Amino acid sequence: MTSLYNATDGIAVITLANPPLNALGYETRRAFATDVHKAASDDQIKAIVVIGGGRGFCAGADIGEFDSPESLREPNLMTLISLLESSSKPVVAAVHGVCLGGGLELALGCHYRVFAPGALVGLPEVKLGLIPGAGGTQRLPRVLDVESALNMIVSGEPIKSEQLAALPGQKLVDKLSVSTESLLNEAVDYARDVASDCPAHLPHVRDLKSKHPEGATFFPFAKNSVGAASKSLPAPLECVGAVEDSTTLSFEDGLAAERRRFTYLQSTPQSQSLRHLFLAERAASKVADMPQGTVPRPIGSAGIVGAGMMGTGIAMAFLNSGIPVTLLETAREALDKGVATIDATYAAQVKKGKLSATKHQERMTILKPTLAYEDFAHCDIVVEAAYEEISVKEKVFRELDRVAKPGAIFATNTSTLDVNQIASFTSRPSDVVGLHFFSPANVMKLLEVVRGAATSHAVLATSLALAKTIRKTAVVSGVCDGFIGNRMIEEYLRQAGYLLDEGASPAQVDKAIEKFGFAMGPFRMSDLAGNDIGWAIRKRRALNPDALPYSRVPDRLCEVARFGQKTGAGWYDYKPGKRDALPSDVVSKVIDDNRRELGVTPRKISDEEIVQRLVYALVNEGAHILDEGIAARASDIDLVYAAGYGFPAWRGGPLHYAQTVGLYNVVEAMRTFESTSYGASKFWKPARLLELLAAEGGKFA
Ligand code: NAD
């Protein structure tokens, strides 16, 4: 059932019934239109109430119809809106929960709107590189002041119904109901009232005026500021243009212009990339071999081992979602320091007005510091974030095995160690999983869920459900050195080092890749994370005789303790208390000396080569990872890079980007690097899968 019809005492209630959030797919639209016609043709019906079943009114378009002709199949959304707007019987939208995108556009087609308090109202299309395409840009500025409407459309952020109701002169909210529970009754009463005193002309949003008192100066200003803030993205500027149209064109012409802008944006690579990542996030939570009916275990309490940088961040990720945490350290001092870090982080958020003092207190109350493993006895999950040494992991996991209750999940946050070996330290390897958080763990969205050889489906399903609870973007990875993300970045960083050996400077490399869209270049990023982390990894890898060589420059910087921002010097110099990366003479000399020792004459390297070497390094390693089954699908790899490594979302992630360049062209470039480049040229042999797809004209799956 996708729409429910119920008529009592002359009022037809049509309920959108497409769980979970009443997306407007073809079947729903068709059933809904049938119900509207039914109400129109029944003489007993005097008014119509449109409401959403379940958790909300309507979250908008059906993502399953993205880019398919189904999205426009009649009755499409524009037709539904016309149907409601032209109804000779009053139509009242009764809105609760979410009212987003096409859902809001549908509500704006109704004659009246009753909102429950706390309903989230917005037009988020810009986040997918689009503008609202069914009248949202023309109707919203007619019911709100133009600037408020523009802010909502350009930011894509939803606003609560009570805030909207409080805007001066607004015509969006005709009535706020007392509660969500009373919404339907109040909307039916409202419909009955307007029907009993039905105006000759029902109010239509399209008939209202969209006016800005100083439009001639406001819109150029808005275009300047929005254009500057969204350089690589065309959608925000199109949003401004469309809202401006609402003030200068007739409603019909504005609607036609909106459609043209929407169709243009739909075809842009930016929107295609953003929609790819949107779908990637949904696909990532599906595990192909998960037996139907696998039930995640309830997680009501968590233990954390280690109150260092990661342990404290992970503890906050749990506390922020109301999950009580038992935090364990080896010594009182380290434990106190960890608790103080958590307390100080929350205090800083309170000071900035981002957290209430009450919430701060509530979170600290559900944090239990301890030095005794026995305190983990009740925990549903324990996440280990102790030192990155296998002997430490062994000690910790043997203790967990001793004290934890049956069914408790043991997770390790290891970045580089073998999750299967760690699982073997316990008598219950099927309960062991890797949960690889990123730093700072309370902020970063990405969570790699590392599936060991023995990890049970229930544990995997619990990890994915837990990720949702603590608001992380989870991607499942198989076991390998570095998992998906760090294994790929290793090759990216190796190329960055070679580029220095060959003639580039750290600033040139960083600037080139930042211009491509990365949040931060490799050298600024290393200075932020700490150069000693990579140093330790390189030392360990150097023990493997088959390992590819690195540039010697990063080690040389670490040998003179240039660890990055934390030591005030790294790839760049830093002034005390400042984060500005200043080019360093010391670093230039280390690079020059190294080139001399290698007998390399520096050459001028183009920004284009820098970008290709760095990005195609990710692509080649990503293709190996996909081919080996470490990642289940290409879009998982793209998601890892966009959510955790600052890859520009509007380029869709490394593998999606490679497809926009053309896999044939990418492979050709790799072959050139293989034959001409300096360093580990054997890395540039294109991955088997990449070669295959390029030859066949195929696509990553
Ligand atoms: P850290 O040195 O900041 O913290 C480790 C903490 O563990 C210290 O406070 C230490 O006292 C404590 N500890 C050591 N042995 C212990 C034991 N036997 N029992 C209880 N506590 C113990 O290190 P970190 O950066 O937080 O890293 C922790 C883990 O997370 C490592 O496995 C690391 O590889 C992984 N990791 C780190 C990052 C990162 O960016 N730092 C990112 C992802 C994963």
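Is at least one residue of region 279-295 assigned to a helix (DSSP H, G or I), within 16 Å of the ligand (Cβ to nearest atom) and under 30 Å from residue 376 (Cβ atoms)?
So in region 279-295, the residues assigned to a helix (DSSP H, G or I) come out as 279-284.
Applying the additional criterion that residues be within 16 Å of the ligand (Cβ to nearest atom) yields none.
Scanning region 279-295, I find no residue that is assigned to a helix (DSSP H, G or I), within 16 Å of the ligand (Cβ to nearest atom) and under 30 Å from residue 376 (Cβ atoms), so the answer is no.
Name every residue in region 436-449 that is near the ligand (Cβ under 10 Å from one of its atoms), farther than 17 Å from residue 382 by Cβ and in a loop (DSSP other than H, G, I, E, B), in order of residue number.
438, 439, 440, 444
Just the residues that are among the polar types (S, T, N, Q), within 9 Å of the ligand (Cβ to nearest atom) and either more than 19 Å from residue 379 (Cα to Cα) or outside any helix (DSSP H, G or I) (or both), please, taken from region 309-343.
Quick first cut of region 309-343, residues among the polar types (S, T, N, Q) only: 312, 320-321, 326, 330, 341.
Going one step further and asking which of them are within 9 Å of the ligand (Cβ to nearest atom), we end up with 312, 330.
Across region 309-343, the qualifying residue is only 330.
Against the condition crowded, with 18+ Cβ neighbours inside 10 Å, farther than 24 Å from residue 525 by Cβ and away from the ligand (no atom under 16 Å from the Cβ), how does residue 423 come out, does it pass? Lay out the reasoning, then the answer.
Details: crowded, with 18+ Cβ neighbours inside 10 Å: yes; farther than 24 Å from residue 525 by Cβ: yes; away from the ligand (no atom under 16 Å from the Cβ): no.
Spelling it out, it is not the case that residue 423 is crowded, with 18+ Cβ neighbours inside 10 Å, farther than 24 Å from residue 525 by Cβ and away from the ligand (no atom under 16 Å from the Cβ).
What pairs come out if I take residues in region 338-357 that are of a type in the set (D, E, K, R) and pair them with residues that are modelled with pLDDT of 95 or more and assigned to a helix (DSSP H, G or I) whose C-beta lies under 8 Å away, six or more apart or interchain?
That search, which allows pairs on different chains as well, returns 343/364.
Do the conditions hold for residue 133, that is, is it assigned to a loop (DSSP other than H, G, I, E, B) and either open to solvent by 30 Å² or more (accessible area, probe 1.4 Å) or touching a residue at least 60 places away in the same chain (Cβ under 8 Å) (or both)?
Working: assigned to a loop (DSSP other than H, G, I, E, B): yes; either open to solvent by 30 Å² or more (accessible area, probe 1.4 Å) or touching a residue at least 60 places away in the same chain (Cβ under 8 Å) (or both): yes.
Yes: the conditions hold for residue 133.
Working only within region 346-380, note down all residues that are open to solvent by less than 50 Å² (accessible area, probe 1.4 Å), more than 16 Å from the ligand (Cβ to nearest atom) and under 23 Å from residue 442 (Cα atoms).
Across region 346-380, the qualifying residues are 346, 347, 348, 350, 355, 360, 363, 364, 380.
Just one of the numbered conditions (1) at pLDDT below 95; (2) surrounded by 14 or more Cβ atoms within 10 Å (Cβ to Cβ) is not true of residue 542; which one?
For residue 542, the failing item is (2).
Picking from 509, 479, 475, 433, which residue would you name as being surrounded by fewer than 24 Cβ atoms within 10 Å (Cβ to Cβ) and either modelled with pLDDT of 95 or more or part of a loop (DSSP other than H, G, I, E, B) (or both)? So that I can check it myself, show each step before the final result.
Numbers: 509 fails: surrounded by fewer than 24 Cβ atoms within 10 Å (Cβ to Cβ); 475 fails: surrounded by fewer than 24 Cβ atoms within 10 Å (Cβ to Cβ); 433 fails: surrounded by fewer than 24 Cβ atoms within 10 Å (Cβ to Cβ).
Residue meeting the stated conditions: 479.
What is the one condition in (1) part of a loop (DSSP other than H, G, I, E, B); (2) of a type outside the set (A, V, I, L, M); (3) under 30 Å from residue 669 (Cα atoms) that residue 580 does not satisfy?
Of the numbered conditions (1) part of a loop (DSSP other than H, G, I, E, B); (2) of a type outside the set (A, V, I, L, M); (3) under 30 Å from residue 669 (Cα atoms), the odd one out for residue 580 is (3).
For region 317-338, name all the residues that are surrounded by fewer than 23 Cβ atoms within 10 Å (Cβ to Cβ) and within 25 Å of the chain's Cα centre (by Cα).
Those that are surrounded by fewer than 23 Cβ atoms within 10 Å (Cβ to Cβ) and within 25 Å of the chain's Cα centre (by Cα): 320, 321, 322, 323.
With 547, 536, 519, 504 as the choices, which residue is surrounded by fewer than 16 Cβ atoms within 10 Å (Cβ to Cβ), in a loop (DSSP other than H, G, I, E, B), more than 27 Å from the chain's Cα centre (by Cα) and of a type in the set (Gly, Ala, Ser)?
Numbers: 536 fails: in a loop (DSSP other than H, G, I, E, B); 519 fails: more than 27 Å from the chain's Cα centre (by Cα); 504 fails: surrounded by fewer than 16 Cβ atoms within 10 Å (Cβ to Cβ).
Selected residue: 547, the only one of 547, 536, 519, 504 that is surrounded by fewer than 16 Cβ atoms within 10 Å (Cβ to Cβ), in a loop (DSSP other than H, G, I, E, B), more than 27 Å from the chain's Cα centre (by Cα) and of a type in the set (Gly, Ala, Ser).
Which residues, counting only those in region 652-701, are more than 13 Å from residue 620 (Cα to Cα) and of a type in the set (Lys, Arg)?
Matches in region 652-701: 699 only.
For region 15-42, give me the residue count where each residue is surrounded by fewer than 21 Cβ atoms within 10 Å (Cβ to Cβ) and within 13 Å of residue 84 (Cβ to Cβ).
Total satisfying the criteria: 3.
Go through region 383-406 residue by residue and tally those that are more than 11 Å from the ligand (Cβ to nearest atom), open to solvent by less than 30 Å² (accessible area, probe 1.4 Å) and not small (Gly, Ala, Ser).
So in region 383-406, the residues more than 11 Å from the ligand (Cβ to nearest atom) come out as 401-406.
Keeping just the survivors that are open to solvent by less than 30 Å² (accessible area, probe 1.4 Å) gives 403-404.
Subset that is not small (Gly, Ala, Ser): 403.
So the answer is 1.
Between a first residue in region 682-701 that is free of Cβ contacts under 8 Å to residues at least 40 places away in the same chain and assigned to a loop (DSSP other than H, G, I, E, B) and a second residue that is surrounded by fewer than 20 Cβ atoms within 10 Å (Cβ to Cβ) and not hydrophobic (A, V, I, L, M, F, W, C), which pairs have beta carbons less than 7 Å apart while being 6 or more apart in sequence or on different chains?
685/674
State which residue is farthest from the chain's Cα centre (by Cα) when the search covers only region 197-237 and only residues that are open to solvent by less than 90 Å² (accessible area, probe 1.4 Å) and of a type in the set (Phe, Trp, Tyr).
218
The values are calculated or read from the model by the stated rules, or taken from the named source; none is laboratory data. Just so you know, these numbers come straight off a predicted model, no measurement behind them. Every residue, glycine among them, receives a Cβ derived from its backbone with ideal geometry; neighbour counts consider all protein chains shown. The protein model used for the area step is the full one, side chains on, heavy atoms only, and it has no ligands, DNA or RNA in it. Shrake-Rupley method; radii C 1.70, N 1.55, O 1.52, S 1.80 Å.
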